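The values are calculated or read from the model by the stated rules, or taken from the named source; none is laboratory data. Computed from a predicted model, the values in this text were never measured in an experiment. Neighbour counts run over all protein chains shown; Cβ positions are idealised from the backbone, glycine included.
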Amino acid sequence: MSKPLVTIVIPVLNERGGLEELVSRLERSLEPARVDWTILFVDDGSTDGTFAYLGKFHEADKRISAIALSRNFGKEQAIAAGLAYAPGDAVIIMDADLQHPPELVPAFIQRWREGYEVVFGQRLDRDTDGWLRRLYSVLFYQLFARLSKVPLPDGATDFLLLGRKPVDAFRRLAEKNRFSRGLFSWVGFRSICVPFHYGHRSQGRSKWSFPKLLGLALDSFFAFSKAPLRLCLYAGLLSLSLGSILGGEALARHVLHHRAPSEAGMLFLMSSLLLGIQLLFMGILGEYVGRIFDEVRARPLFIVDRSVGLRPESGLAAQ
Ligand code: UDP
Ligand code: MG
């Protein structure tokens with residue numbers, strides 16, 4: 001019986017210094033896993049010569065291939081590109097900076113052999129993150145679970161294995177605002193978590209700044225949940241009832257006690273309050289409208305510039 005083919009997809013942005021160790025550790029851990037394997041790097045617009053370096057890896061081992069996007073599109077898009085061209089019966093996605101330990105790969109493959117189509121690496125600790133980022137993640141997972149109705153295991157990372165079926169399902173998704181982890185959960189299939197300890201970066205610095213992270217969190221909420229819109233409705237109803245009660249009371253006072261309605265200060269307070277609520281929810285509506293705009297434009301998620309070592313059947317001829 002022939003062995004299954006597993007492809008490891010790795011998005012990279014200026015990671016040249018850490019690649020050597022990554023590849024050798026991956027090769028070592030894949031050896032006993034009884035699978036055929038390929039590694040597909042997606043160079044997401046690196047400026048440190050990463051792509052040329054990847055070409056050398058391909059020279060040394062034809063199982064290693066790479067595609068380069070035409071500029072930096074972002075990690076989510078790089079992952080989509082990798083999945084679009086990854087051959088094999090299963091695909092594993094991992095970071096290039098060794099924070100996702102290659103030694104966990106056999107455990108993923110084992111779970112997949114047991115029949116799980118989606119195997120999430122689940123982060124056990126957050127020691128390597130600063131307190132602000134930790135707080136932010138806790139809040140994020142709690143809120144996402146409450147708002148989105150898509151079960152996303154606490155601490156699920158984008159170090160994961162996908163069987164062929166979820167990969168094909170993922171490739172059919174046309175939406176542009178992406179939060180891959182949510183989507184991997186959304187496509188369904190039997191899934192399980194494999195816990196692991198997050199390592200330190202092998203070199204360089206995290207490419208995630210706080211605004212980028214906040215952007216990703218907003219994308220994931222608005223792409224997965226319409227709860228903010230409902231909130232808008234409720235808040236509107238509430239402020240309307242409040243206004244009617246206050247108005248009714250003022251009217252009653254005027255009729256019964258011949259007292260003048262509330263002072264200008266009160267009016268000012270009320271109107272600024274209501275204006276605030278309106279503006280807030282117009283902003284939320286804008287979020288959705290913006291997303292509709294994204295979908296309608298139907299731009300491709302990524303653009304491939306070059307590739308090395310890809311199989312001809314991938315649809316991308318080697319250049
Ligand atoms: N990455 C990418 N494009 C980007 C940002 C990051 O391909 O725009 C890659 C990066 O090279 C790494 C992975 O995504 O392999 C995770 O990035 P990073 O380590 O900066 O994120 P963190 O671990 O801090 O979440
Ligand atoms: Mg990292």
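For region 208-235, give me each residue that is away from ligand 1 (no atom under 16 Å from the Cβ) and either at pLDDT 75 or above or on the phi > 0 side of the Ramachandran plot (or both). Residues satisfying the conditions are Leu218, Phe221, Phe222, Tyr234, Ala235.
Applying the condition of being in a helix (DSSP H, G or I) and more than 30 Å from Glu21 (Cβ to Cβ) to region 160-182 and asking which residue is modelled with the lowest pLDDT yields Gly182. Report whether or not Ala107 is hydrophobic (A, V, I, L, M, F, W, C), more than 15 Å from ligand 1 (Cβ to nearest atom) and touching a residue at least 60 places away in the same chain (Cβ under 8 Å). Here the answer is yes, as Ala107 does meet what is asked. For beta carbons closer than 9 Å, sequence separation of 6+ or different chains, a first residue in region 67-82 that is under 19 Å from Val308 (Cβ atoms) and of a type in the set (D, E, K, R) and a second that is within 10 Å of ligand 1 (Cβ to nearest atom) and assigned to a loop (DSSP other than H, G, I, E, B), the qualifying pairs are Arg71/Asp44; Arg71/Gly45. Does region 102-119 include one or more residues that are at pLDDT below 90 and either within 16 Å of ligand 2 (Cβ to nearest atom) or of a type outside the set (Lys, Arg) (or both)? Scanning region 102-119, I find no residue that is at pLDDT below 90 and either within 16 Å of ligand 2 (Cβ to nearest atom) or of a type outside the set (Lys, Arg) (or both), so the answer is no. Taking the criterion of being free of Cβ contacts under 8 Å to residues at least 24 places away in the same chain and assigned to a helix (DSSP H, G or I), would at least one residue in region 6-19 satisfy it? Among the residues of region 6-19, not one is free of Cβ contacts under 8 Å to residues at least 24 places away in the same chain and assigned to a helix (DSSP H, G or I), which makes the answer no.
Could you grab me the full set of residues in region 93-110 that are under 22 Å from Asp125 (Cβ atoms) and touching a helix residue (DSSP H, G or I) at 6+ places or on another chain (Cβ under 7 Å)?
Matches in region 93-110: Ile93, Ala96, Asp97, Leu98, Pro102, Glu103, Val105, Pro106.
Residues considered: Leu233, Leu214. Of these, the only one that is surrounded by fewer than 14 Cβ atoms within 10 Å (Cβ to Cβ), away from ligand 2 (no atom under 16 Å from the Cβ) and within 25 Å of Ala81 (Cα to Cα) is Leu214. Only one of the numbered conditions (1) over 30 Å from Gln278 (Cα atoms); (2) at pLDDT below 75; (3) more than 16 Å from ligand 1 (Cβ to nearest atom) is not met by Ser202, and that is (3). Would it be correct to say that Leu22 is within 16 Å of ligand 2 (Cβ to nearest atom), buried (at least 21 other Cβ atoms within 10 Å of the Cβ) and not in a strand (DSSP E or B)? Spelling it out, Leu22 is indeed within 16 Å of ligand 2 (Cβ to nearest atom), buried (at least 21 other Cβ atoms within 10 Å of the Cβ) and not in a strand (DSSP E or B). Can you spot a residue in region 74-81 that is more than 16 Å from ligand 2 (Cβ to nearest atom) and either modelled with pLDDT of 95 or more or touching a strand residue (DSSP E or B) at 6+ places or on another chain (Cβ under 6 Å) (or both)? Yes, the conditions are met somewhere in region 74-81. Identification of helices (runs of 4 or more DSSP H) wholly contained in region 45-133 with 2 or more residues that are under 18 Å from the mean Cα position of the chain (by Cα) and more than 13 Å from Leu161 (Cα to Cα) yields 75-85.
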